[in-house]
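Peer 1: Dropping a structure here in structure tokens format, bear with me for questions.
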Amino acid sequence: MIPALLPNFVRADLSFSHGEGARLWTDDGRTFLDFGAGIATSSLGHGHPHLVAAIAEQAAKVMHVSNLWRIPQAETLAQRLVDNSFADSVFFCNSGAEANEGLIKMMRKAMASSGRAERHRIICFDGAFHGRTLGTLAAGSNPAYRRGFGPVPAGFDHVPLNSMNAVRDAIGPETCGILIEPIQGDGGVRQADRRFLRALRSVCDEYGILLGLDEVQTGMGRTGTLFAHEQAGIAPDVMALAKGIGGGFPLGAVLATEAVAKHLTPGTHGTTFGGNPLACAAGNAVLDVILAPGFLASVQRKADILKAGLTRLVNDHSGVFSEVRGDGLLLGLRCVGPQAEILAACAAEGLLALPASENVLRLAPPLVISDDDCDQALRKLRRVCGSSRGFRRVCGSSRGFRRVCESSR
Ligand SMILES: *Cc1c(COP(=O)(O)O)cnc(C)c1O
């Protein structure tokens, strides 16, 4: 019989009753160091007092009113995002997929409303992940995610990452713009070269097409700047945010320049929940912390500690890990053996990490981790490497994750 909770996720047999900072506890008292942060989402860690208080206070006042009325919390959050980015205007929604849908619609609408309706095609990249709606599945590159779901919207062309020749070849009279993740998270922590991002900006300007960035995973401080594209010295025309923006509360956003945003006139796009008082109170509380003086510098400093440690780890254990990838606190270790076994061994050591494509173990800890959290994670990873001959026996199959979790007391 099918479980009441639809079994579309492969879940490890672990459940957490509470957390604090980068730590999570199970009911039976086991402690885990959370270097997955709910898939790069719990940006302030667990139980952050400022975020908890903001949500509790707003929940007691009013949670939801609908977008038929003004929402001061959303106006404030939008203004703060505008003040700290390339954007002139912000649309709030509830998830990364919904943000990317909004981004795609905004790009197409901007072309259609400026007399270039034939320009509807968007260039995307091999390895891309933009969400699970039909539109974002079409923009993503993973055919397994599309299988069995029938036709997806047309108008997406995929080219290899970091190949300017391929991008130039793909641009045609129907091209509307380019959509790219500065670092592919799900795709294996693969980075778009900074030079490549700059070249994409130039080619978009050359052809009068739009640059869209999916910063759902890389944005909101994850890479040590508020947005990852700042490090390439470029600005997009439109950008999708979600994951870390609400610190664990569901919130997404599309940020755009006036030239793009002005075409979404009243009635053209919408959402019921998007940007409600509760979600925006959470977003404002997250921004309070991320924009506090010194916070992003501290993210960068901890990222440097972690990356240096991971580089040493890979040098010392080249039989387990072959490569360090990523930037800031979005890092990947390419595994030599099956990634599922290493993830299981990490969990057995009390370290939660994430899978990614290309056999990569992804680390995306809360942005508030301490130096000591970094040291502890590195020590746990060393122990995993040290016992790498043993853990094949402990969990010799990809199902092993569950069993190890059950036995890791
Ligand atoms: C997670 C993710 C999405 C999808 O976000 P959901 O909130 O799951 O819809 C889209 N793009 C990127 C880059 C992501 O990491």
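Peer 1: Yes or no: the stretch 177-186 includes at least one residue that is buried (at least 20 other Cβ atoms within 10 Å of the Cβ) and more than 12 Å from the ligand (Cβ to nearest atom).
Peer 2: Quick first cut of the stretch 177-186, residues buried (at least 20 other Cβ atoms within 10 Å of the Cβ) only: 177-186.
This time we only want the ones that are more than 12 Å from the ligand (Cβ to nearest atom), so: 177-178.
Checked the stretch 177-186: at least one residue is buried (at least 20 other Cβ atoms within 10 Å of the Cβ) and more than 12 Å from the ligand (Cβ to nearest atom).
Peer 1: Within the stretch 63-172, considering only strands (runs of 3 or more DSSP E) that don't extend past its boundaries, which have at least 3 residues that are touching a His at 6+ places or on another chain (Cβ under 6 Å), under 26 Å from GLY208 (Cα atoms) and more than 16 Å from the ligand (Cβ to nearest atom)?
Peer 2: none
Peer 1: Can you spot a residue in the stretch 224-245 that is touching a Phe, Trp or Tyr at 6+ places or on another chain (Cβ under 7 Å), of a type in the set (D, E, K, R) and more than 22 Å from ASN165 (Cβ to Cβ)?
Peer 2: no
Peer 1: Quickly run through the stretch 210-237 and pick out the residues that are more than 14 Å from the ligand (Cβ to nearest atom), buried (at least 24 other Cβ atoms within 10 Å of the Cβ) and not in a loop (DSSP other than H, G, I, E, B).
Peer 2: If the condition is that a residue be more than 14 Å from the ligand (Cβ to nearest atom), buried (at least 24 other Cβ atoms within 10 Å of the Cβ) and not in a loop (DSSP other than H, G, I, E, B), then LEU210 is the only one that fits.
Peer 1: Pick from SER66, SER89: which is touching a residue at least 60 places away in the same chain (Cβ under 8 Å), more than 28 Å from PRO366 (Cβ to Cβ), crowded, with 16+ Cβ neighbours inside 10 Å and hydroxyl-bearing (Ser, Thr, Tyr)?
Peer 2: SER89
Peer 1: Also: Tally the residues that are under 21 Å from the mean Cα position of the chain (by Cα) and not in a loop (DSSP other than H, G, I, E, B), restricting the search to the stretch 1-18.
Peer 2: 0
Peer 1: So PRO365 fits all but one of (1) modelled with pLDDT under 95; (2) surrounded by 14 or more Cβ atoms within 10 Å (Cβ to Cβ); (3) part of a loop (DSSP other than H, G, I, E, B); what number is the exception?
Peer 2: (1) is the only condition that PRO365 fails.
Peer 1: Only one of (1) in a helix (DSSP H, G or I); (2) within 20 Å of PRO72 (Cα to Cα) is not met by THR272, so which one is it?
Peer 2: (1)
Peer 1: Name the one entry in GLY396, GLY400, GLY350 that is surrounded by fewer than 24 Cβ atoms within 10 Å (Cβ to Cβ), more than 23 Å from ASN315 (Cβ to Cβ) and modelled with pLDDT of 95 or more. Show your work before the answer.
Peer 2: Details: GLY396 fails: modelled with pLDDT of 95 or more; GLY400 fails: modelled with pLDDT of 95 or more.
Checking each option against the conditions leaves just GLY350.
Peer 1: Mind checking which residues of the stretch 187-199 are out of contact with any helix residue (DSSP H, G or I) (no Cβ under 6 Å at 6 or more places or on another chain), within 16 Å of the ligand (Cβ to nearest atom) and not in a loop (DSSP other than H, G, I, E, B)?
Peer 2: Passing the criteria: ARG190, GLN191.
Peer 1: Next question, about the same structure. In the set PRO250, PRO293, PRO277, which member is surrounded by fewer than 23 Cβ atoms within 10 Å (Cβ to Cβ), under 25 Å from ASN84 (Cα atoms) and in contact with a helix residue (DSSP H, G or I) (Cβ under 6 Å, 6 or more places away or on another chain)?
Peer 2: Step by step, each of PRO250, PRO293, PRO277 is checked, and only PRO277 is surrounded by fewer than 23 Cβ atoms within 10 Å (Cβ to Cβ), under 25 Å from ASN84 (Cα atoms) and in contact with a helix residue (DSSP H, G or I) (Cβ under 6 Å, 6 or more places away or on another chain).
The values are calculated or read from the model by the stated rules, or taken from the named source; none is laboratory data. If you're wondering where the values come from, they're calculated on a predicted model, not measured in any experiment. So basically every Cβ, Gly included, is an ideal-geometry build from the backbone, and we count neighbours across all protein chains shown.
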